[in-house]
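Everything below concerns the one structure shown next.
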Amino acid sequence: MNKYSEKKSNYNSALRPNVGKLWSDYEENLLLEELNDDIDIETIAENHGRKKGGIIAVSYTHLTLPTKRI
């Protein structure tokens, strides 16, 4: 890692401390509540300390996968 990528990594981890971490059940439920309340993705990402892509990925997984197969 060079000095520029190290600075970027430190910057991102300071602003988004939960990037790459597993989601707790509580945080997933909070995310679904925020989505149901029509809070925009950027605000949700800031609230959770994550990137927009992480919010989209988790919300897509929870909103599109069936809970049981018929």
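We did not get these values from a lab; they are worked out from the coordinates using the rules stated. It should be emphasised that the depicted structure is a prediction, and the values quoted were computed from it without experimental measurement. With ideal geometry, Cβ positions are generated from the backbone for all residues, glycine too; neighbour counts draw on all protein chains shown.
Packing-wise, with mean Cβ within 10 Å as the measure, how do 49-56, 31-38 rank, highest first?
Top of the packing list down: 49-56, 31-38.
Taking 0.36 nm per intervening residue step and subtracting the Cα-Cα distance, what contour gain separates GLU46 from LEU22 on full extension?
7.0 nm
Net charge within 13 Å of GLU46 by Cβ-Cβ distance, Lys/Arg positive one each and Asp/Glu negative one each, not counting GLU46 itself? Don't skip to the answer; put the middle values down first.
Numbers: positive: ARG16, ARG50, LYS51, LYS52; negative: GLU34, ASP40, GLU42.
Around GLU46, the charge tally is +1.
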